[in-house]
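Scroll down for the structure; my scribbles are underneath it.
The values are calculated or read from the model by the stated rules, or taken from the named source; none is laboratory data. Fair warning: this is a prediction, and the values are worked out from it, not measured in the lab. Positions of Cβ are backbone-derived with ideal geometry, glycine not excepted, and every protein chain shown enters the neighbour counts. Side chains are part of the model used for accessible areas, which takes the heavy atoms of the whole protein and leaves out ligands, DNA and RNA. Shrake-Rupley method; radii C 1.70, N 1.55, O 1.52, S 1.80 Å.
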Amino acid sequence: MANKKSVQKAHRGSLRKQKNNLFWKSSVSSAKKAFMKVLADKDSTTDILTQKEINLQKTLDKAAKVKAIHKNKASRLKSRYAKKLTAQSSVAVENPSPKSTGAKKPRGRPAKSK
């Protein structure tokens, strides 16, 4: 145990921060598990899936806001699970691509003529 008062106070603060970080990390983990459980269920509707994804994104944003996880990690996880949701919904309902109305215009600079 620490001998100085300032070290004891810092230790108490670090325990509070640890407790808070563990709360947010477990909340994120629970939200991920709930989302994946609904995603794996074949009978789930898109409404339930989108609601679970919104819940997961909210939890990730709040955890990043209080710096329990890094903001880039939160963004990466949101992107990863959004891709899974998109892949799941595209398997369920395949939308035909819109028909093109002609030749596409080339992008970038025009080629130099000799």
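Side notes on the structure shown:
- Whole-number accessible area per residue in Å² for segment 1-94, which is evaluated in the context of all protein chains at 1.4 Å: 77
- Relative to the Cα centre, the charge distribution of segment 21-75, modelled as +1 at Lys and Arg Cβ and -1 at Asp and Glu Cβ, gives a dipole magnitude of about 400 debye.
- P(r) weight above 12 Å for segment 6-52, C-alpha pairs, percent: 69
- Per residue, the chain reaches -24500 deg cm²/dmol at 222 nm when only DSSP H runs of four or more residues are counted, each adding -39500 (n - 2.57).
- Length-normalised contact order for segment 1-63 - Cα pairs under 8 Å, 6+ apart - percent: 36
- In the chain, a dipole from Cβ-located charges (positive for Lys and Arg, negative for Asp and Glu) runs towards its positive end, and of 49, 82, 23 it is 23 whose Cα lies farthest in that direction.
- Take every Cα pair under 8 Å whose residues are at least 6 apart in sequence, average their separation, divide by the length of the chain, and the relative contact order is 22 percent.
- Fully extended contour minus Cα-Cα distance, from residue 113 to residue 36, at 0.36 nm per residue: 22.2 nm
- Nearby lysines by direct alpha-carbon distance to residue 73 (threshold 22 angstrom, same-chain neighbours under 8 apart not counted): 17, 19, 25, 32, 33, 37, 52, 58, 62, 65, 83, 84
- Average projected area [Cα convex hull, the chain], square nanometres: 15.0
- Surface share of carbon and sulfur [accessible, 1.4 angstrom probe, percent] for the chain: 53
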